[in-house]
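Colleague: Here you go, one structure.
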Amino acid sequence: MSLVFLSMIHPKEYVSLQSTPKHVERKLKRDAARLAIRMDAQGEDPAFLQVQVPQKKAAQIYQLLLDIYNSELSEADEVFNCNLRVATDIPIDKFWIIYNKETEWASDLADGIFEVDGDLDDLLEEYDLFITDKKSWDEENDMITIESAKLYNMAALAQKFEAIEGVFKIHTHDPDISPDFDIEISNNNDEWNISFTRYWSSLQNTKSHKWIFKVTDTVTFISESGDEFPDWMKCQLISNIESRF
């Protein structure tokens, strides 16, 4: 197995070293996009970054994750079979607009038609976004879900909608979802450390379990640490790569 580094990757391509199931590719591309945005933000609010996902960085991170997936390490089997992924606190494909239900551009929404007018419609067309759901928020406001087939830094894109007349509030995080997983990545002289963490709550506190891999020209498993999984959380190990997920 060889690692494809940044200089060898076309900025708009994700390269697979061997046949990879489509659903795995989709998951890894989404993880890579979130990690690329997080690395660019460097601890600051991603809303202040560009709307577009940094493609070169995302392509390199995708390849690193793919190398771990394609390794023959049993620990990689466990990580991917457990479907550990990057925390969804970095939105890449949807956000929510809370708006005054009496707003003129929302007249069709009141009749159950997912169409709008004016500046909001212009932004939807510009970024190829879609309204996919509508719910009541309170007596004065309703909420619509905005989604995209393309991956964006949604924290930055959502800001473009804040100044539209009738918009009361923008949510970029699903309030019904709490993070129970994360992937973190760091680099030191072309040596990448990638950790996969699973979180869960007990009666006393939040617990976690972590796997760490090193990726250079090969993939090496570094360590596994943390709290012991309850029996109901244990993922079955699957040694056959094609059987994952």
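Taken together, the values in this text are just the output of simple stated rules run on the coordinates, not laboratory data. In this text the structure is predicted, and so the values were computed from the model without any measurement. Glycine gets a Cβ as well: all are built from the backbone with ideal geometry, and neighbour counts include every protein chain shown.
Colleague: Quick one: net charge around Ala47, please, counting Lys, Arg +1 and Asp, Glu -1 for every other residue with C-beta under 11 Å from its C-beta.
Modeller: -2
Colleague: If packing is taken as the average count of other Cβ atoms within 10 Å, what order do 105-112, 71-78 fall into, highest mean first?
Modeller: Ranking, from highest mean packing down: 71-78, 105-112.
Colleague: Starting from the Cα-Cα distance between Asn205 and Glu228, subtract it from 0.36 nm times their residue separation and give me the gain in nm to one decimal.
Modeller: Between Asn205 and Glu228, full extension yields an extra 6.9 nm.
Colleague: How high is the FRET efficiency between Ala110 and Asp217 when r is their beta carbon distance and R₀ equals 41 Å, given to the nearest 0.05?
Modeller: With a Förster radius of 41 Å, E is 0.10.
Colleague: Cβ under 13 Å from Thr172's Cβ, Thr172 left aside: what net charge do those residues give with Lys, Arg +1 and Asp, Glu -1?
Modeller: It works out to a net charge of -2.
Colleague: Are there any GluC sites (Glu not before Pro) in the stretch 112-143 that are in a DSSP loop and have at most 11 other Cβ atoms within 10 Å? List them by number.
Modeller: Taking the stretch 112-143 and a limit of 11 other Cβ atoms within 10 Å, the loop GluC sites (Glu not before Pro) found are Glu139, Glu140.
Colleague: Ok, one more. Using a 7 Å offset from the Cα along the Cα-to-Cβ direction at both Arg26 and Lys160, what is the distance between the two label points in nm, to one decimal?
Modeller: The answer from the label model is 2.5 nm.
Colleague: Using only alpha carbon positions, build the gyration tensor of the stretch 94-171, then give the equivalent ellipsoid semi-axes as the square roots of 5 times its eigenvalues, largest first, whole angstrom.
Modeller: On the way: eigenvalues 69, 33, 28 Å².
Calculated on Cα positions only, the semi-axes equal 19, 13, 12 Å.
Colleague: Using the Cβ atoms and a cut-off under 10 Å, what net charge is assigned to the surroundings of Leu109, where Lys and Arg are +1 and Asp and Glu are -1?
Modeller: The answer is -2.
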